[in-house]
Amino acid sequence: MRDKVRLKVSELLSSELELYRELEAQVDLEIKAIDSDDMDLLLEILQNKQSIISRQEMLMEKWADVSRDLGVSQGREEPVFWRALASVVGDEGYEDLKEKVRLLQDIVSSTLKSEELAQSNMGAKVSELRKRMSRVADGKKAVRGYMGSI
């Protein structure tokens, strides 16, 4: 059981790392699309991101299987999960898994920072668009006023 659980967790962590790498690449492209006002590309990227998120959700179901294998009702977000895992896989196996978790945490943190930048850039673009629309509306009012005075 020890090797089976260690291998399953290692594969899940590797899959998750790959998904976050894909997500990080999409977020980087999203920033470029926002900055270059390429809305077609932005829509494509958002669809790609949704696909990645869906695959992450499916992966979370597999983590629930690991919890059951370990005999714990809590998920990987809880310390009891990791204590149970450590007791099953042993010190050496657990250290290998912890290293993958650290890599995962790093890429998640980096991706979140990039996502915050993308959201900030998008907010700035929306704000600028609102200002432009307001100026257009004001211009239309001025033209109507001018035309009404003729």
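Taking the Cα centre of the chain as the origin, how large is its charge dipole in debye, to the nearest 20, when only Lys and Arg (+1) and Asp and Glu (-1) carry charge on their Cβ atoms? Magnitude of the dipole: close to 920 debye. Note on the range 87-129 and the range 17-77: Cα centroid distance 11 Å, given to the nearest whole angstrom. Could you tell me which residue out of LEU59, ALA84, LEU19 lies farthest along the dipole of the range 1-121 toward its positive end? Charges go on the beta carbon: Lys and Arg +1, Asp and Glu -1, centred on the Cα centre. Of the options given, the answer is ALA84.
Compared with the dominant principal axis of the Cα atoms in the chain, helix 2-35 is inclined by about 10°.
So between ARG2 and ASP91, what do we pick up on full extension, going 0.36 nm a residue minus the alpha carbon distance? List each step's numbers first, then the result.
Working: separation 89, 0.36 × 89 = 32.04 nm, distance 1.14 nm.
Full extension from ARG2 to ASP91 adds 30.9 nm.
On a per residue basis, the chain carries 66 Å² of accessible surface, using protein heavy atoms and a 1.4 Å probe.
What's the angle, to the nearest 10 degrees (0 to 90), between helix 39-70's Cα axis and the longest principal axis of the chain? Here the helix axis deviates by roughly 20 degrees. [x] 106; [y] 162; [z] 126: which one is volume of the Cα convex hull per residue in Å³ as calculated from this entry? Label [z] holds the value from this structure.
Want the number for VAL80 to SER10: 0.36 nm per residue separation, take away the alpha-carbon distance, what's left?
On the way: separation 70, 0.36 × 70 = 25.20 nm, distance 1.82 nm.
Answer, rounded to one decimal: 23.4 nm.
With R₀ set to 22 Å, the beta-carbon distance separating GLN56 from LEU112 gives a calculated FRET efficiency near 0.95. With respect to the chain, whose longest principal axis is taken over its alpha-carbon atoms, helix 79-149 is tilted by about 10°.
Note on LYS32: lysines with a C-alpha under 29 Å away, same-chain residues under 8 apart excluded, are LYS49, LYS113, LYS125, LYS131.
The values are calculated or read from the model by the stated rules, or taken from the named source; none is laboratory data. Values in this document were obtained by computation on a predicted structure and should not be read as measured data. Positions of Cβ are backbone-derived with ideal geometry, glycine not excepted, and every protein chain shown enters the neighbour counts. Only protein heavy atoms, including side chains, enter the accessible area calculation; ligands, DNA and RNA are left aside. Shrake-Rupley method; radii C 1.70, N 1.55, O 1.52, S 1.80 Å.
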